[in-house]
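All remarks here apply to the structure that follows.
The values are calculated or read from the model by the stated rules, or taken from the named source; none is laboratory data. These numbers come from a predicted model, not from an experiment. Every residue, glycine as well, gets a Cβ built from its backbone with ideal geometry; the counts of neighbours run over all protein chains shown.
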Amino acid sequence: MNNFSDMLSKAKKMKDEMQKAQESIKKIQVEGISGGNLVKVILGGDYEMKSIFVDPKAKNEKEEIINDLIIAAYNDAKDKLKKKTSEEISKVTGIQNLPFDIKMPF
């Protein structure tokens, strides 16, 4: 019975640590850049876009190019956020290279 109690205790501790990590992840902000700093996008840990900056120089470009730059900046920010999220989860679990969207069983 003692092993089962230890297992439950460890599971509760892991759950508490994961909740802390999830709260920490929500506070993360990353910046995605494209076009040599012509477009910058800030994403929060919940993938909510916090801000977008389009340099006045980019506004001389065709709309299609500006759209592509915005998409590229967003994708850059998304990739950075995935990496940071994975790092936060790795700190809690001690396991390296976990997928950013792993679902824990609790």
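Sort out which residues of the stretch 1-29 are under 23 Å from the mean Cα position of the chain (by Cα), in a helix (DSSP H, G or I) and of a type in the set (A, V, I, L, M, F, W, C), and write them in order of number.
Met14, Met18, Ala21, Ile25
Among what's in the stretch 41-74 and is buried (at least 17 other Cβ atoms within 10 Å of the Cβ) and farther than 23 Å from Ser86 by Cβ, pick the residue that is modelled with the lowest pLDDT.
Only one residue tops the list, namely Ala58.
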